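The values are calculated or read from the model by the stated rules, or taken from the named source; none is laboratory data. No experiment lies behind these values; they were computed from the predicted model shown. Neighbour counts run over all protein chains shown; Cβ positions are idealised from the backbone, glycine included.
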Amino acid sequence: MLAQRMSLLSGSGTAAAREAAKIAAAGGRQIIDLAAGEVMIEPPISVREGAIAAIKAGTSRYTDSIGLPPLRAAVAERLSAETGIGWNTENIVITAGAKQGLLDAALAVLDPGDEAIIIRPCWPTFAAQVLLAGAKPVFVDARPPAYIPDIEAIRAAVAPRTKAIIINSPNNPTGAVYDRATLQAIGNLAINCQMWIISDECYSSFVFTVARHESIVMAHPGVRARTILVNAFSKQLAITGWRLGYFAAPREIVSAAKKLQSHTTSNANVIAQHAILHHLQVGDGSFEREMHQRLSDVRNNGLRILSGLHDVTPPNADGSFFFYLDLRRLVSALPAGGPVRSTDDIAQSLLQEAGVGSVAGGAFGDVNGLRLSFGGLPGLVEPGLRRVVETLNNLKAGQAVA
């Protein structure tokens, strides 16, 4: 018999959507996968060269459980430049992807019976990790079309056992980018209620409607002592499978992570660590700028295509690389007895009939949403979105005829 904690977990809806698209493609169908949460582009040469050099040098031994000191120092230096706030090596932990950093944070600050506030729609891993820590996820719904959380709704969710709030801006899946006033209000609430802030900033490189990403520690420097800022190289350098992330936090959290990682992964992959260190030392930022420009162009074209939707408000897509559609009006207009009655049905219809992979909003705790990635190849994303528009616009008419 398995441990009881396993009954708390369900499979990842995003992973299931990716797998469904792969199975359909393996069957010989031409599938345009808009489900994947990654950018389809070759990693920068500097990263590849750094990995090859480390392999040729015979690099194969353990590192410190929280990462190579030179890499931690390089991350601290870059983060200081990006935020305008001083960070040093003692504030940085290198992790096996952002997921490990988020789990470290949950295990370090949450006791069984504690509560953690999560803004929904949300990446499902947040709630899963809170449950693994023995705590209770408490959801606060952010409403369309902006999906910016209401501070009064967050305040109403605070209870005596509330220990942390998990925020994610730019947001997966909604693409929302929290404004300064919202971040400051969350910061004030965290200070007044003595909550930890776990800030997932993995999409910080992908902001399209403002000049740059603003971390909560920039909007409200007073929260630094109670914030765990989690990020990764996976998205920004297109190396999702390399599993290398980091977080910046107060020293007591770093100390806790050192203990946790010494008993779990020992250390993040040493070749990946050297590869990223080399990139941070020699990279000139051109790869990041070119990828951002590519995504910006695809986003702009995608928004024009999606503006042709009926009964669906076009998304904002201010950040990340996702279009998030609110299908509430469309679903409510569908015949009650028809074969398509939910966003799960719509995602299945898109895959089976239009050959487009997507992720239904139920994976993110939102029965009305549908996530479409624009991180794929530009030559595929745009025709994929046209298929989506055609399929959704035909749904109501097609079912009425049936």
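Identify the residue in the stretch 166-186 that is aliphatic (A, V, I, L, M) and touching a helix residue (DSSP H, G or I) at 6+ places or on another chain (Cβ under 6 Å) and, among all such residues, is surrounded by the most Cβ atoms within 10 Å (Cβ to Cβ). Write out each step before concluding.
Residues of the stretch 166-186 that are aliphatic (A, V, I, L, M), as a first pass: 166-167, 176-177, 181, 183, 185-186.
Still in the list and also touching a helix residue (DSSP H, G or I) at 6+ places or on another chain (Cβ under 6 Å): 166, 183, 185.
On the way: ILE166: 25, LEU183: 22, ALA185: 20.
Once the filter is applied, the top-ranked residue is ILE166.
Do the conditions hold for VAL312, that is, is it within 30 Å of ARG48 (Cα to Cα), touching an Asp or Glu at 6+ places or on another chain (Cβ under 8 Å) and not assigned by TED's automatic domain parsing to the domain that holds ALA238?
Criteria not met by VAL312.
Provide a single number: the residues in the stretch 1-40 that are in a loop (DSSP other than H, G, I, E, B) and either buried (at least 18 other Cβ atoms within 10 Å of the Cβ) or aliphatic (A, V, I, L, M) (or both).
Here the count works out to 11.
Considering only residues that are buried (at least 20 other Cβ atoms within 10 Å of the Cβ) and among the polar types (S, T, N, Q), which ones fall in the stretch 230-266?
Answer for the stretch 230-266, where residues must be buried (at least 20 other Cβ atoms within 10 Å of the Cβ) and among the polar types (S, T, N, Q): ASN231, SER234, GLN261.
Looking at the stretch 314-340, which of its residues are in contact with a Leu (Cβ under 8 Å, 6 or more places away or on another chain) and either free of Cβ contacts under 8 Å to residues at least 12 places away in the same chain or within 29 Å of ASN168 (Cα to Cα) (or both)?
Those that are in contact with a Leu (Cβ under 8 Å, 6 or more places away or on another chain) and either free of Cβ contacts under 8 Å to residues at least 12 places away in the same chain or within 29 Å of ASN168 (Cα to Cα) (or both): PRO314, PRO315, ALA317, PHE321, PHE322, PHE323, TYR324, LEU325, LEU327, LEU330.
Any residue at all in the stretch 85-92 that is crowded, with 18+ Cβ neighbours inside 10 Å and not β-branched (Val, Ile, Thr)?
yes
Surrounded by fewer than 19 Cβ atoms within 10 Å (Cβ to Cβ), within 24 Å of the chain's Cα centre (by Cα), in contact (Cβ under 8 Å) with a residue 60 or more places away in the chain and closer than 18 Å to ASP33 by Cβ: which single residue out of ARG294, ARG387, ARG371 fits that description? Talk me through it step by step, then tell me what you get.
Numbers: ARG387 fails: within 24 Å of the chain's Cα centre (by Cα); ARG371 fails: surrounded by fewer than 19 Cβ atoms within 10 Å (Cβ to Cβ).
Within the list ARG294, ARG387, ARG371, the selection yields ARG294.
Just to be sure before I move on: is PRO69 in the same structural domain as THR240 (by TED's automatic domain parsing) and over 30 Å from ALA142 (Cβ atoms) in the structure I sent?
Criteria met by PRO69.
Within the stretch 279-302, track down each residue that is outside any helix (DSSP H, G or I) and among the charged types (D, E, K, R).
The one that is outside any helix (DSSP H, G or I) and among the charged types (D, E, K, R): ASP284.
Based on what the data block shows, is ARG61 assigned to a loop (DSSP other than H, G, I, E, B), loosely packed, with under 14 Cβ neighbours inside 10 Å and either touching a residue at least 24 places away in the same chain (Cβ under 8 Å) or touching a helix residue (DSSP H, G or I) at 6+ places or on another chain (Cβ under 8 Å) (or both)?
Answer is yes for this residue.
Scan the stretch 220-278 residue by residue and report those that are polar (S, T, N, Q) and assigned to a loop (DSSP other than H, G, I, E, B). Lay out the reasoning, then the answer.
From the stretch 220-278, those polar (S, T, N, Q) are 227, 231, 234, 236, 240, 255, 261-262, 264-267, 269, 273; that's our starting set.
Hits for the stretch 220-278 are SER234, GLN236, THR264, THR265, SER266, ASN267, ASN269.
Out of the stretch 332-350, which residues are of a type outside the set (Ser, Thr, Tyr), surrounded by fewer than 23 Cβ atoms within 10 Å (Cβ to Cβ) and within 26 Å of the chain's Cα centre (by Cα)?
Hits for the stretch 332-350 are ASP344, ASP345, GLN348.
Tell me the residue from ALA219, ALA225 that is modelled with pLDDT of 95 or more, surrounded by fewer than 18 Cβ atoms within 10 Å (Cβ to Cβ), at negative phi and in the same structural domain as GLU77 (by TED's automatic domain parsing), please. If you could, list the steps in order and put the result at the bottom.
Values: ALA219 fails: surrounded by fewer than 18 Cβ atoms within 10 Å (Cβ to Cβ).
Among ALA219, ALA225, only ALA225 is modelled with pLDDT of 95 or more, surrounded by fewer than 18 Cβ atoms within 10 Å (Cβ to Cβ), at negative phi and in the same structural domain as GLU77 (by TED's automatic domain parsing).
Would you be able to tell me the number of residues in the stretch 153-181 that are among the acidic types (Asp, Glu) and within 14 Å of VAL230 (Cα to Cα)?
0
Criterion first (part of a helix (DSSP H, G or I), out of contact with any Phe, Trp or Tyr (no Cβ under 7 Å at 6 or more places or on another chain) and either crowded, with 16+ Cβ neighbours inside 10 Å or assigned by TED's automatic domain parsing to the domain that holds ASP200 (or both)) does VAL140 satisfy it? Quick ask: steps written out before the conclusion?
On the way: part of a helix (DSSP H, G or I): no; out of contact with any Phe, Trp or Tyr (no Cβ under 7 Å at 6 or more places or on another chain): yes; either crowded, with 16+ Cβ neighbours inside 10 Å or assigned by TED's automatic domain parsing to the domain that holds ASP200 (or both): yes.
For VAL140, the condition - part of a helix (DSSP H, G or I), out of contact with any Phe, Trp or Tyr (no Cβ under 7 Å at 6 or more places or on another chain) and either crowded, with 16+ Cβ neighbours inside 10 Å or assigned by TED's automatic domain parsing to the domain that holds ASP200 (or both) - is not met.
Report whether or not ASP311 is at positive phi and either among the charged types (D, E, K, R) or free of Cβ contacts under 8 Å to residues at least 24 places away in the same chain (or both).
yes
Can you pull out the residues in the stretch 17-50 that are β-branched (Val, Ile, Thr) and either farther than 24 Å from ILE346 by Cβ or touching a residue at least 40 places away in the same chain (Cβ under 8 Å) (or both)? Can you show your working first?
Residues of the stretch 17-50 that are β-branched (Val, Ile, Thr), as a first pass: 23, 31-32, 39, 41, 45, 47.
Passing the criteria: ILE31, ILE32, VAL39, ILE41, ILE45, VAL47.
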